[in-house]
Amino acid sequence: MKNVYKMMGLLAVLCALAGLFACAREDSAVRTPESVALQPQAAAAETSEESLADMVERLSPAVVGIATRQDGRQGIGSGVIVSEDGYILTNCHVASAGTEVTLIFADGTKEPARAVWSSEALDLAVIRAQGTDYPAAALGSAESVRVGERVVAIGTPLALQFQHTVTGGIVSARNRTLQVPSGQSTAFMEQLIQTDAAINPGNSGGPLLNTAGEVIGIVTVRVEEAAGLGFAIPIDVARPIVEHFIEDGEYVTPKLGAYLFDSEIARYYDANSTMETGLYVIDLEPDSAAEKAGLRQGDVILRADARECRTLLDLRYALFSHKVGETLRLTVQRDGKTLELAAVLAAA
């Protein structure tokens, strides 16, 4: 990944934050689904090399290489199987609508597949394999991850000959915000897990695992100009999406219809910003769920359902837990007063 740019204009923010506006590329509660096959083992305070090797051996069949072709260009990435019926998490920049996908399993078997959902704003995608009874990895949580905790990345760096390469390291930091190129504009990625586990091109979309064998993140980006600066998307934002696919066979992305920025993004434009928490409403889509709920430009969203909104990803956690037509409850600050609003979500 090229240099992580620092200062861009407000137009870039509006483009980057459109994920809350309409983040799905294709059509398409936390309960552990029955189809998740691999149950994590309890992590010991000090994991031996033998038990770590056992964990890697157990989880490797749930990791796939992904060969892609789109518009005459070929690519290599990684993914992780998250259900026995063949749903696979990866990055949107690995596979999205219109991408020709071939899965390469741990035993060398190859199988065509297709992307059934993707979000450029989150850099996440879901691929559906054709069969059943796949080995699946258990989803953990990034919210309890501690700096210094040991982690493992499994993926396909550089080329298929290096498929299922395992690298290890620690959680170097939590809740990192990066400004990264996104097409003709830029995007902000928030609450990322930073790790010093070696991340190379082709690792994208592969799992970041804790020592219990749980997926805590999806590898997404690295900083080329420095060693040991890799980042993963916290798995918590993908969990409700995966569960919707497993339970309903599809996921239609709900849309609030508001352009927002948070305190982290505000500091990219003003180092002296005093904004401490909440999501500032920049603009609203006419006739959107947000406008119909009574949200106004200049409001600050403090909570979505029961979740405090410190970053845009906090809102996405709440938003993606809902289906189209369900109600997202917002706690909003306006002119020094606290209001409660109810937004009936539309389809993206």
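Scanning region 129-167 for residues that are among the charged types (D, E, K, R) and at pLDDT 95 or above yields a count of 3.
Look at (1) at pLDDT 95 or above; (2) farther than 26 Å from T68 by Cα and you find that I235 fails only one, number (2). When region 175-219 is filtered for residues that are of a type in the set (A, V, I, L, M), over 13 Å from the mean Cα position of the chain (by Cα), at pLDDT 90 or above and not in a loop (DSSP other than H, G, I, E, B), only L209 remains.
Would it be correct to say that V64 is more than 20 Å from F162 (Cβ to Cβ), modelled with pLDDT of 95 or more, crowded, with 17+ Cβ neighbours inside 10 Å and among the β-branched types (V, I, T)? No: the conditions fail for V64.
Here T132 fulfils each of the conditions (1) surrounded by fewer than 19 Cβ atoms within 10 Å (Cβ to Cβ); (2) touching a Lys or Arg at 6+ places or on another chain (Cβ under 8 Å); (3) assigned to a loop (DSSP other than H, G, I, E, B); (4) of a type in the set (V, I, T) apart from (2). T253 falls short on exactly one of the conditions (1) within 25 Å of R128 (Cα to Cα); (2) surrounded by fewer than 21 Cβ atoms within 10 Å (Cβ to Cβ); (3) among the β-branched types (V, I, T), and that condition is (2).
For region 326-338, taking the residues that are at pLDDT below 95 and over 14 Å from C309 (Cβ atoms), the one that is surrounded by the most Cβ atoms within 10 Å (Cβ to Cβ) is identified as R334. Residues that are surrounded by 19 or more Cβ atoms within 10 Å (Cβ to Cβ) and either within 17 Å of S60 (Cβ to Cβ) or in contact with a Ser or Thr (Cβ under 7 Å, 6 or more places away or on another chain) (or both) within region 141-162 comprise V151, V152, A153, I154, G155, T156, P157, listed in sequence order. The set of residues from region 64-75 being assigned to a strand (DSSP E or B), farther than 20 Å from W117 by Cβ and out of contact with any Ser or Thr (no Cβ under 6 Å at 6 or more places or on another chain) comprises R73, Q74.
Residues considered: L89, L103. Of these, the only one that is outside any loop (DSSP other than H, G, I, E, B), at pLDDT 95 or above and more than 21 Å from S141 (Cα to Cα) is L103.
The values are calculated or read from the model by the stated rules, or taken from the named source; none is laboratory data. Every value quoted in this text rests on a predicted model; they were computed, and no experiment measured them. In this analysis, Cβ positions are derived from the backbone assuming ideal geometry, glycine residues included, and neighbour counts consider all displayed protein chains.
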